[in-house]
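Note sheet for the following structure.
The values are calculated or read from the model by the stated rules, or taken from the named source; none is laboratory data. Predicted model, so just to flag it, every value in this text is computed and none were measured. All Cβ positions, glycine included, derive from the backbone under ideal geometry; neighbour counts span all protein chains shown. Only protein heavy atoms, including side chains, enter the accessible area calculation; ligands, DNA and RNA are left aside. Shrake-Rupley method; radii C 1.70, N 1.55, O 1.52, S 1.80 Å.
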Amino acid sequence: MSSISRRHFLLTASGAAVAGALAPAVHAQTSVKIGTAVLGDYALAGPFIVGVEKGFFRTENLNVEFVPFRGGPNLVKAVIGGEILLGAAGSTDILVFREAGMPLKMVATHTEGNHFTFNVAPDVSNVAELKGKAIGVTSAGSTTWVFARMVAKAQGWDPDRDVKILGLGGLDAQLAALTRKEIAAFIWGDYGGVSVAQGRTKVIFKVETITPKWISFIEYSSEDQIKKNPEQVRGSIRAMLQAFKFMKANPEESARITSAKLGWSPDVVLAVHKGWLPIAPADGRIDVEALRVMQETLLESGTIKKRLPLDEHYTTEFTPVRL
């Protein structure tokens, strides 16, 4: 090798070594599954759909599959079983299922406030007309089931005798049952925006009127995942907060991204989006006082029987998120 070619080789090799040292490290993507209690709720599922579509999970080195379920109890089983890393569901699930011995912990807030409503057919005038009739919820033990019992008690009814509470699954199933007159009402989130925007129902009762301090949806993981895979949990929560931030700033694109998956037209999604904005979290931090009020409410209603230490239900290891 000539002195010129040797010099050229050494310069080229050293340059490549420096470039390699300066290049950002490429980390292998970890495949995980994340899930929601149901699909047909923009506040619940929308951020998951946007987070996957916009690649926010990939930036956290996570290759994510989004799996919606048919109610909170089914999601809880999947999280406990290790199938799902991060789940999002109604906030009462963490209190109900911790009491049942499920090793779950709330890791972030998914919505602030209570956006659940009593949706009825257009010909129903008031809640009193629902006595003796059937009310649809996602499943027994779910947040919507808890709320149905609370609404019944607020009316002075016995929730086991004066109404029939039916676990039916997702929003499409609720609307189909309402059309067939198998139920007279159902409880859903999004301030009832979807079916109201479609002209299929009206809202006659906002659950927030009997739950002045509440958290509609939370994110949780199993204690096992929190202990063994904290960075995966942390990355998932960060990706979710990136999705919230994007959705707030880009309502039209968010509606386009989510409409096909949710099965709603973009104009309906936009209508629901406006109702969602006031309850969208900024940093995922946990309102412990709201959890305390929720626990007391569930104890008073008889939904849970034991007052477990509140700090067993959540961890502040991952929040607030700074983006």
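In region 143-168, how many residues are buried (at least 19 other Cβ atoms within 10 Å of the Cβ) and either aromatic (F, W, Y) or touching a residue at least 40 places away in the same chain (Cβ under 8 Å) (or both)?
So the count comes out to 8.
Just give me the residues in region 252-277 being open to solvent by 50 Å² or more (accessible area, probe 1.4 Å), assigned to a helix (DSSP H, G or I) and not aliphatic (A, V, I, L, M), in sequence order.
E252, E253, R256, K261, P266, D267, K274 - these are the residues of region 252-277 that are open to solvent by 50 Å² or more (accessible area, probe 1.4 Å), assigned to a helix (DSSP H, G or I) and not aliphatic (A, V, I, L, M).
Of the residues in region 231-251, how many are within 17 Å of the chain's Cα centre (by Cα), polar (S, T, N, Q) and open to solvent by 10 Å² or more (accessible area, probe 1.4 Å)?
Here the count works out to 1.
Search region 149-167 for residues being of a type in the set (A, V, I, L, M) and modelled with pLDDT under 95, and hand back the single one that is nearest to M102 (Cα to Cα).
By that ranking, first place goes to M150.
Of the numbered conditions (1) under 23 Å from T117 (Cα atoms); (2) open to solvent by 70 Å² or more (accessible area, probe 1.4 Å), K228 satisfies every one except a single condition; which is it?
All conditions pass for K228, except number (1).
Could you grab me the full set of residues in region 81-104 that are in a loop (DSSP other than H, G, I, E, B) and either in contact (Cβ under 8 Å) with a residue 24 or more places away in the chain or crowded, with 22+ Cβ neighbours inside 10 Å (or both)?
Selection gives G82, E83, I84, L85, S91, M102, P103.
I need the full set of residues from region 291-320 which are open to solvent by less than 30 Å² (accessible area, probe 1.4 Å), of a type in the set (A, V, I, L, M), assigned to a helix (DSSP H, G or I) and over 18 Å from V107 (Cβ atoms), in order please.
L298
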